Every structure is written in structure tokens, then in C-alpha cells.
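Novice: For reference, the structure I am asking about is given below.
The values are calculated or read from the model by the stated rules, or taken from the named source; none is laboratory data. Predicted model only: the values in this text are computed from it and were never measured. Heads up, the Cβs are rebuilt from the backbone with ideal geometry, glycines too, and the neighbour counts pull from every protein chain shown. Side chains are part of the model used for accessible areas, which takes the heavy atoms of the whole protein and leaves out ligands, DNA and RNA. Shrake-Rupley method; radii C 1.70, N 1.55, O 1.52, S 1.80 Å.
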Amino acid sequence: MKKDFQPDYETDSYAYDNIPISVLFVSITAIYLVLAYISDQFILGDEVYIRSFSDQTIEAVLNMRERYGWLNYVFIPVTLFLKISFPALCITIGTVLSSLEIKFKTFFKAVLLAEVVFILAQILYLINLSRHLDALTIEKSLNYFPLSVISIYGVENVVLWLHYPLQTLNLFEVFYILIISWLLSRQWKPNFIESLNIVLPSYGTGLLLWLVLVTFLTLQIS
């Protein structure tokens, strides 16, 4: 029998508690759009592409970048929605299996707020790239994964099919899980550890299945 968890304790009121999910989503999307624009115009500009590709292909690459670059901005809200929905769905399934009845939007909002972790990660990423513009190439930008497992071993020392799993296992993911658990503990679990004990296995299992799928597809393509 499912239990509808309504906390019998007083929670502190924060300014973002009354902010609609739509406003949060639009705000975070806008931030990502600004970061994408900064990346395209000031970090990964034409000079980086010219440095990264041969004379035979650079013209075609720059033409494609000019004609279809705007698609990157179109896909940002779509990918963000899917990115937020996935962990929210995983945690929802975890609560269902734990016989708890909690609305999906509760998890969606918590995950949406926790996205600030990856926004900070993106800002740090762009700051670091901006410090090496003179020698920056597309390959170097794609192989930069700070605070991840792959950064310990080095990209050049890891087989291709392990790149994505090892780059996904990073310190930002740890903070992400902790923040989601803390946000949820304020609403339906008085104890942070209790929230973590549901968020970690449910989201962790979903993430593991996703990594296995991506690894399988990578092996099939390579």
C-alpha cells in the first residue's frame, strides 16, 4: 500500500519555493543559451576550427557551422528537458518501489534546481578553455573533463568505449546527487540520509543503465 508522505514538521521557507517550474526552466535554459553563445563567439570560434581541420576540409566545416550552427540553440531546451526528466523519472520509480506516493513535479523541480551544479561546471569549463585559446583545438576541448575519473588516467590512456562512462563519473555528479537529496529532504523526508538512500540507488541505477546503453552503442559503431 502506497503512503503519501506529507511531512509533519515545519520546513524553512526559501524564495525559490514559490517560483513556478516553468519560470525556473526558462531561466536555466536562458543561462545555457548565453553560455552557448559565449562558447561559439569567444571560445570555439573560427580560429579554433581552422587550427583543428585540414585545408581540404576547413571550408566545408566553416560553411556547415555558419548554416546549421543555430540548431545548437534550438536543441538546448529540448535536451535540458530530457536531462531533467530522466533523473526525475528514476527517482519517481524509486519512490514507487518504496511504496511512497509523491508527485513527479516535486522531483522535477528538485532536479531542475540541482542543475546549478552543471551550470557551474560549464562556466569553469569555459574559463579554463579561455586561458588556452592560442593552442586550443576542437579535439582538446572535447577531451577536457575536469574532476572526472578519466582525467585521472588521461584520455590518451583509455580505450574509446570507456571515454563517456569515465567522464560521466565525476565530482559534479556527486554534488548533483547530494543537492537533489537535500532539496527533497526539506519537503518529504526530515532526514537527509533517508532522502539520499532513495535518490542514490534510484538515480544511480538509471545512470548505470544509461552508461551501459551508450557503451554498447559505442562498441557497435566503432
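Novice: Could you tell me which numbered condition THR95 fails, if it satisfies all but one of (1) over 21 Å from the mean Cα position of the chain (by Cα); (2) more than 27 Å from LEU171 (Cα to Cα)?
Specialist: (2)
Novice: Moving to a separate point now. Would you please list the contacts, defined by Cβ atoms under 7 Å and residues six or more apart or on different chains, that run from a residue in the range 44-66 that is over 19 Å from ASN143 (Cα atoms) to a residue that is open to solvent by 70 Å² or more (accessible area, probe 1.4 Å) and in a helix (DSSP H, G or I)?
Specialist: ILE58/ILE50; LEU62/ASP46
Novice: Looking only at helices (runs of 4 or more DSSP H) that fall completely inside the range 145-214, which ones have 1 or more residues that are open to solvent by less than 80 Å² (accessible area, probe 1.4 Å) and in contact (Cβ under 8 Å) with a residue 24 or more places away in the chain?
Specialist: On the way: elements: 149-153, 163-168, 171-185.
Here the list reads 163-168, 171-185.
Novice: Of the residues TYR37, TYR9, TYR49, which is modelled with pLDDT of 90 or more and open to solvent by 60 Å² or more (accessible area, probe 1.4 Å)?
Specialist: Checking each option against the conditions leaves just TYR37.
Novice: Let me ask something else about it. Among the residues of the range 42-77, what is the count of those that are of a type in the set (Phe, Trp, Tyr) and outside any helix (DSSP H, G or I)?
Specialist: 1
Novice: Can you tell me which of (1) among the β-branched types (Val, Ile, Thr); (2) at pLDDT below 90; (3) open to solvent by less than 20 Å² (accessible area, probe 1.4 Å) is the one ILE84 doesn't meet?
Specialist: Only one criterion is unmet by ILE84, namely (2).
Novice: Kindly indicate whether THR79 is open to solvent by 20 Å² or more (accessible area, probe 1.4 Å), under 28 Å from TRP210 (Cβ atoms), free of Cβ contacts under 8 Å to residues at least 60 places away in the same chain and within 19 Å of the chain's Cα centre (by Cα).
Specialist: Judged against the criteria, THR79 is a match.
Novice: Looking for something open to solvent by 60 Å² or more (accessible area, probe 1.4 Å) and small (Gly, Ala, Ser) - is there at least one such residue anywhere in the range 95-118?
Specialist: No, every residue in the range 95-118 fails to be open to solvent by 60 Å² or more (accessible area, probe 1.4 Å) and small (Gly, Ala, Ser).
Novice: Still on this structure: Quick one: which residue in SER85, SER39 is hydroxyl-bearing (Ser, Thr, Tyr), touching a residue at least 40 places away in the same chain (Cβ under 8 Å) and assigned to a helix (DSSP H, G or I)? Spell out the reasoning first.
Specialist: Details: SER85 fails: touching a residue at least 40 places away in the same chain (Cβ under 8 Å).
Residue meeting the stated conditions: SER39.
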